[in-house]
Amino acid sequence: MNVLVVGNGGREHALAWKIAQSPRVERVYVAPGNAGTAAEAVNVAISPMDFAGLIEFARKNDVRLTVVGPEAPLAAGIVDAFQDAKLRVFGPSKAAARLEGSKVFCKDLLRNADVPTADYHVFKDPIEAMAFVNERYCEEDEVARVVVKADGLAAGKGVIVCQKRDEVLDAIDRIAFHREFGDAGNQVVLEERLDGLEASVLAITDGRTILTLPAAQDHKPAYDLDQGPNTGGMGAYSPTPIVDEKMMHWIEEHVLVPTVHAMKRSRNPFRGVLYAGLMLTRQGPKVLEYNVRFGDPECQPILMRMKGDLFEVLEATVDGRLEDLEGLEWDPRPAVCVVMASEGYPGDYQKGHPIRGLEQAAELPDVKVFHAGTSEVDGQVVTAGGRVLGVTALGNSVAEAKLQAYTAVKCIRWAGAWCRKDIADKAIG
Ligand code: AMP
Ligand code: GLY
């Protein structure tokens, strides 16, 4: 059977690589894909937002399952469009994708379902938001433990963590008046700032049964020691010792299950990947946000450890029979993924630099180099994005996996290539 993966990042390369291992899958297409997916699957030059084009392709090429990687097409209703066309597709409906697409929808649902999350207030009128802030904090440099969030999708950038009152006012100004994130700033959420370690817990659900995946930890800030601007994620590892078995059960019981039930009750049944971004506070884990898809780069180390047939799991989810599947098996060894980026990322960067050393890296044991922003020009792999590669390795311990990932990183070079040097150090101590 043929499968279509929608997207072109490191997550989609990992999905295509894993799905292609299923004995039931004949051919994997990736739309539009990258140089890495071209080597393992068949790239198709169709945009993830061109639903009609994707549907036509799926029909003509006997695609029996489409797997959607990124949030933008999910929020825009790609799943509804495929379902209307009577095609099987993995991911949440447009209504259910609001869990990621609207912070207000997400916070209201969490509150109604009694899922632990930061206290919050929603404002349609930014003047009212500013008045609220000024009433609470009198001095301009008064400590204000507030996070300002644009309601809509903003590629991970619409969240501003503030320390002082004036930073809060400035953040409201940027989101609601200067429209830095466009229509995403139609509503503003002011949230209590939480302290703690962050972890990502992803679960696959068909709306009734929940299959929780081992916890992972992302590294969002650009530079070592969590300094610098936020990025899409500079590396990840899994499993993470900061979420032990007991905490995982607690998260399932108090976070995942009530969320899935609340979505069902509100007539937005959730099918797909429910990704909880959590802050592990002194009072216990609290939800920072939900994503409605695999995390990138969390997907890479998680799938590197998965032993079962991912295609079977995705298919069972779409068909609503996850309950019938046996639990997944995992490689006991941890996996570490180091993102190699273009000079200038997360700001402006150049494209088109030839990448050398991919073959040497691929020869190392227990290493897989997932491509993200790459393309092939005249038989040469070149850079084509900010996050370029996700160099992923397994090891007998987190420290060994880290060492092996960085050994592979050292094989690879292009003009301006860089990465964080401290991925997974939080687990090594
Ligand atoms: P989000 O897109 O909501 O996950 O926010 C991006 C990042 O902002 C998170 O990974 C956290 O580091 C930070 N963040 C979001 N909400 C809060 C909060 N209430 N308290 C502290 N940090 C937060
Ligand atoms: N790694 C964070 C995300 O996928 O949103």
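By a straight-distance test (C-alpha under 18 Å), which lysines pair with Lys246 as possible cross-link partners, with residues fewer than eight away in the same chain excluded?
Lys286
If you average the C-alpha positions of the stretch 365-428 and of the stretch 18-92 separately, how far apart do those two centres end up, in angstrom?
Here the two parts' Cα centres lie 26 Å apart.
Please give, to one decimal in nm, the separation of the simple spin-label points placed at Asp244 and Asp195, each 7 Å out from Cα toward the Cβ.
Calculated label separation equals 2.3 nm.
Identify, among Leu328, Gly347, Tyr290, the residue whose Cα sits farthest towards the positive end of the charge dipole of the stretch 249-383, taking +1 on the Cβ of Lys and Arg and -1 on the Cβ of Asp and Glu, with the dipole about the Cα centre.
Checking the options against the dipole of the stretch 249-383, the answer is Tyr290.
Could you tell me whether the stretch 183-253 comes out rounded, prolate or oblate from its Cα gyration tensor? Rule is a ≥ b ≥ c as square roots of the eigenvalues, rounded for a/c under 1.5, then prolate if a/b exceeds b/c, otherwise oblate.
Details: a/c = 1.88, a/b = 1.27, b/c = 1.48.
Because a/c hits 1.5 or more and a/b fails to exceed b/c, the stretch 183-253 counts as oblate.
Count charges around Arg11 for me, please; just the other residues with Cβ under 13 Å from its Cβ, Lys/Arg as +1, Asp/Glu as -1. It would help to have the intermediate numbers written out before the result.
Details: positive: Lys18, Arg293, Arg387; negative: Glu12, Glu71, Asp218, Asp296, Glu298.
Summing Lys/Arg as +1 and Asp/Glu as -1 gives -2.
Could you calculate the FRET efficiency of Ile127 with Asn230 from 1/(1 + (r/R0)^6), where r is the beta carbon distance between them and R0 is 41 Å, rounded to 0.05?
Between Ile127 and Asn230 the formula returns 0.90.
Shape verdict for the stretch 1-148, please, from the Cα gyration tensor: rounded (a/c under 1.5), prolate (a/b greater than b/c) or oblate.
Working: a/c = 3.01, a/b = 2.52, b/c = 1.20.
Since a/c reaches 1.5 and a/b is larger than b/c, the shape of the stretch 1-148 is classed as prolate.
Rg(Cα) of the chain divided by 2.2 N^0.38 Å?
Normalised by 2.2 N^0.38 Å, the Cα Rg of the chain equals 0.96.
Zone of Arg208 (label point 7 Å along Cα→Cβ, backbone N under 11 Å): which residues in the stretch 301-333?
Those under the cut-off are 320-324.
Please figure out what share of the DSSP beta bridges in the chain is antiparallel and state it in percent, rounded to the nearest 5. Walk me through the numbers on the way to the answer.
Values: 61 of 77 bridges.
The answer is about 80 percent antiparallel.
Would you please classify the overall shape of the stretch 288-398 from the alpha carbon gyration tensor, given that a ≥ b ≥ c denote the square roots of the eigenvalues, rounded means a/c under 1.5, and beyond that prolate means a/b larger than b/c while oblate covers the rest?
prolate
Would you calculate, for the chain, the mean residue ellipticity at 222 nm contributed by helices, counting each DSSP H stretch of 4 or more residues as -39,500 (n - 2.57) and dividing by all residues, to the nearest 500?
Taking each H run of at least 4 residues, the total per residue is -8000 deg cm²/dmol.
Computed from the coordinates by the stated procedures, all read-outs in this text should not be read as laboratory data. Model, not experiment: these values are computed from the prediction. Note that each Cβ is placed from the backbone with ideal geometry, even for glycine, and that neighbours are counted across all protein chains shown.
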